[in-house]
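Here the structure comes first, spelled out in structure tokens, and everything after it is commentary.
The values are calculated or read from the model by the stated rules, or taken from the named source; none is laboratory data. Please read all numbers here as calculations on a predicted model, not as lab measurements. Backbone-built Cβ (ideal geometry, glycine too); neighbour counts: all protein chains shown.
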Ligand SMILES: N[C@@H](CCC(=O)N[C@@H](CS)C(=O)NCC(=O)O)C(=O)O
């Protein structure tokens, strides 16, 4: 089984399925982009809600993944070279997931 415990974010949001892409979203205009892409591509993922009500995005655990304290963010346990890849910025996430799903990127 994959071990994501080296990533501080998993201390606050433990991975029940560490083999799946870990998604840290909230249904906001930017937050839904990664969620929609994961649903559309059918890539296996596990979502962990980042509540604004409790300032989750300002926690040390979240900041260890995205120092910009913004959602969405992901942690792919099977990134390039088979190594885990943390990623934030919805545009970067969308392109990354498209490539991971084998979609052709125009241009
Ligand atoms: N450029 C970023 C913007 C992300 C962003 O602004 N997310 C908002 C929610 S839509 C957020 O996390 N705001 C919390 C904050 O700014 O503290 C992206 O596209 O991912």
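Summed over segment 74-84, residues that are without any contact (Cβ under 8 Å) to a residue 60 or more places away in the chain and in contact with a helix residue (DSSP H, G or I) (Cβ under 8 Å, 6 or more places away or on another chain) total 2. Once segment 92-107 is narrowed to residues that are closer than 21 Å to residue 31 by Cβ and in contact with a helix residue (DSSP H, G or I) (Cβ under 8 Å, 6 or more places away or on another chain), the residue that is nearest to the ligand (Cβ to nearest atom) is 93. Filtering segment 1-24 to residues that are farther than 23 Å from residue 102 by Cβ and part of a loop (DSSP other than H, G, I, E, B) leaves 1, 3, 4, 5, 6, 7, 8, 13, 14, 15, 16.
Listed here are the residues, each with its yes/no results for (1) within 12 Å of the chain's Cα centre (by Cα); (2) more than 13 Å from the ligand (Cβ to nearest atom); (3) modelled with pLDDT of 95 or more; (4) under 21 Å from residue 78 (Cα atoms).
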site	(1), (2), (3), (4)
19	no, yes, yes, yes
22	yes, yes, yes, yes
29	no, no, yes, no
37	yes, no, yes, yes
40	no, yes, yes, yes
48	yes, yes, yes, yes
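Taking the stated definitions as given, is residue 102 surrounded by fewer than 18 Cβ atoms within 10 Å (Cβ to Cβ) and touching a strand residue (DSSP E or B) at 6+ places or on another chain (Cβ under 7 Å)? So residue 102 does not fit the description; no.
Of all residues in segment 9-16, none satisfies being in contact with a strand residue (DSSP E or B) (Cβ under 8 Å, 6 or more places away or on another chain), in contact (Cβ under 8 Å) with a residue 60 or more places away in the chain and surrounded by fewer than 19 Cβ atoms within 10 Å (Cβ to Cβ).
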